[in-house]
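The structure under discussion appears below in the form of structure tokens.
The values are calculated or read from the model by the stated rules, or taken from the named source; none is laboratory data. Keep in mind it's a predicted model, so treat the numbers as computed, not measured. Heads up: the accessible areas ignore ligands, DNA and RNA and are worked out on the full protein's heavy atoms, side chains in. Shrake-Rupley method; radii C 1.70, N 1.55, O 1.52, S 1.80 Å.
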Amino acid sequence: MAVASHRPDDTTKICTHCDRDIPISNIDLHYAHCSRNLEKCKICGDMVPIKHADEHYTSTHAPVTCSLCSEEMTPEILGVHKGEKCPKRIVTCDYCEFPLPAIDLFEHQEVCGNRTELCHLCNRYIRLRERAAHEVTCNGVPPEIPRAIREAERERAARRPPPPPPQDFSTRRLLFTIAITGIAILLGSLLFQRKPEDMTQVN
């Protein structure tokens, strides 16, 4: 097994164990130490002390679980996953700034974006999803309602039947109804009590 390979300038050699350039004068000593104490990580290729190889794997490459969605992944992508890709990371609605899990954002914004708010410049109700575009084009002038639409609205209002008169539920009428109901219950209970007495007299 070759300990080192020559380089063109002949001042250093490449260690066949760690692939590093080592001065020629130190190559034998370096190789003996390197091959005895270090090993190359099969995942990242870093040279790590043999006694810390398990610790290196556990802290750098062992699968970890996302605390939000419980998905397993390597530690190096956990940060990106939690910040940009986790379906349960908390994001805010573009329209109401309500915080909610990313997985629910689309459905929430479909409803939230269709809510309307009054534009105080032109006095029209604008959908929240269209607010930004409206603010760019709004000139503060309320839209003129065409005459034909106004006249049709007046005719419709004239054709509508008058609303029924409001029901008069006065306090006096309510008390009268309660009193009649109470009397009916009292009479009914008296009649039911008399029947058993009459039957005992017959026997």
Probe 1.4 Å, all chains present, heavy atoms only: S70 accessible area in Å², nearest 10, is 80
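Rank these by accessible area, largest first, 1.4 Å probe: K85, K42, K13. Walk me through the intermediate numbers first.
Values: K85 140, K42 190, K13 40 Å².
Sorted descending by solvent-accessible area, the residues read K42, K85, K13.
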For the range 1-115, averaging the sequence separation of alpha carbon pairs under 8 Å that lie six or more residues apart and dividing by its residue count, the contact order in percent is 10
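Please list the three semi-axes, largest first and in whole Å, of the ellipsoid equivalent to the range 55-115, using sqrt of 5 times the eigenvalues of its alpha carbon gyration tensor. Before the final figure, lay out the partial values.
Working: eigenvalues 211, 15, 9 Å².
With the √(5λ) rule applied to the range 55-115, the semi-axes are 33, 9, 7 Å.
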